[in-house]
Amino acid sequence: MPIIKPRNCVKGMKQLLNKFIEYIANQKNYSKNTVKSYRKDINQFIEFLKNEKIYDFERVEYDDFIKFIGKLKNFNLKEKSISRKISAIKSFYKFLASRKYINKNPSLLIKTPKIPDRLPDFLTYNEIVKLIESVPKNDDWLTLRDRAILELLYSTGIRVGELVNLRVGDVNLIEEIIKVRGKGKKERIVPVGSFALNCLIEYMEKRPNKNEEYLFLNKYGKRLTERSVERILEKYSKRSGLSKKVTPHVLRHTFATHLLDRGADLRFVQELLGHERITTTQVYTHLTVEKLKEFYNKFHPRNK
């Protein structure tokens, strides 16, 4: 019987990782950033196993996971980073078990550290107006694109990955809606406000490369990337003079917070955001409660 060298085993482990990455990217439709993070996290785990002379995922025991987590804590990583790495490994092992690559799944015994609740950052309405108005008013198609992006992110609360994957055919100007492909390739319909709609119309009239199916294009006429959208927000955030860091996710938080502040039903906001669980949406209610308490403390005559 031939002797299997450790490097060949490590190669086999990497091949299983590639299968998992292909699965979460193509079937689960995870964002590029999530896929990149999961690959990095699991590669780190494989390197740890290699140093421990473990060359088969089947041989990993619960104590090995604990030792790996201990090493992560020695690196003084934040709880959020450790939690993400554990989630990546647990998802990976769940995949291995479901595909019968392993017969047991000791990762089920691992508890993901509880992350302290942190209220998401958001902008006030005046700050949103200031941000959008920092975009120059001219007919240059790139400027029209930038304004349409800012208006659409705030108007719909869609994720940046959903934004860059919008196709021209996903925009229904008559019905004033867009079709969005979310996580797990699930589609949902999201209404578009009048300000965003007008900006979209102006952009689409000037948009070059009419044969390109994707809606938002870079200066070369190709699909815009998530990183490019982040740079656009960084550009206008500086130009507007806002002290807060503005990201696509901050605009998503802002969208949800402003709706709830004005009395929107939580389930309605959940549907618009494309959240599977209502608990994911409930984080925004913390913000509205804080605002209620602020007004109460300020105006109630028996609370001085």
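Read-outs: derived from the displayed coordinates by stated rules, not from any lab. Worth saying up front: this structure is predicted, and the values here are computed from it rather than measured. Here Cβ is always computed from backbone atoms with ideal geometry, including for glycine, and neighbour counts include all displayed protein chains.
A few notes on this one:
- Contour excess over end-to-end distance, with Cα ends at Asp56 and Lys36 and 0.36 nm allotted per residue: 4.9 nm
- Using the Cβ of Asn51 as centre and a radius below 13 Å, the other residues enclosed give a net charge of +1, where K and R count +1 and D and E count -1.
- In degrees, nearest ten, helix 248-261 long axis to first principal axis of the chain (Cα): 60
- Neighbour cut-off at most 14 other Cβ (10 Å), DSSP loop, chymotrypsin sites (Phe, Trp or Tyr not before Pro), the stretch 202-270: Tyr220
- Per DSSP, loop trypsin sites (Lys or Arg not before Pro) in the stretch 122-155 with at most 11 further Cβ within 10 Å: Lys137
- Exposure proxy for Lys100, Lys28, Lys186: other Cβ atoms within 10 Å of each Cβ, ordered fewest to most, give Lys100, Lys186, Lys28.
- DSSP loop GluC sites (Glu not before Pro) with at most 16 other Cβ within 10 Å: longest gap in the chain: 62-174
- The modelled label-to-label distance for the pair Thr279/Asp63, using points 7 Å beyond Cα in the direction of Cβ, is 3.3 nm.
- Excluding same-chain neighbours fewer than eight residues apart, the aspartates and glutamates reachable from Lys14 by a Cα-Cα span under 15 Å are Glu22, Asp41, Glu47, Asp56, Glu58.
- Candidate lysines for bridging to Lys80, where Cα separation is under 16 Å - those fewer than 8 sequence places away on the same chain excluded: Lys40, Lys71, Lys90, Lys111, Lys114
- Full extension of the segment from Phe75 to Tyr101, taken as 0.36 nm per residue of separation minus the current Cα-Cα distance, would add 6.3 nm.
- Pairs of alpha carbons in the chain separated by more than 33 Å make up 39% of all such pairs.
- Taking a Cβ cut-off of under 13 Å around Val164, the surrounding Lys, Arg, Asp and Glu residues balance to a net charge of +3, with basic ones at +1 and acidic ones at -1.
- The stretch 6-109, relative contact order [Cα under 8 Å, separation at least 6], %: 30
- Under 10 Å, Cβ to Cβ, from Val60 - net charge with Lys/Arg +1 and Asp/Glu -1: -4
- Stretch gain in nm, segment Lys219-Lys206, where the contour uses 0.36 nm per residue and the Cα spacing is subtracted: 3.4 nm
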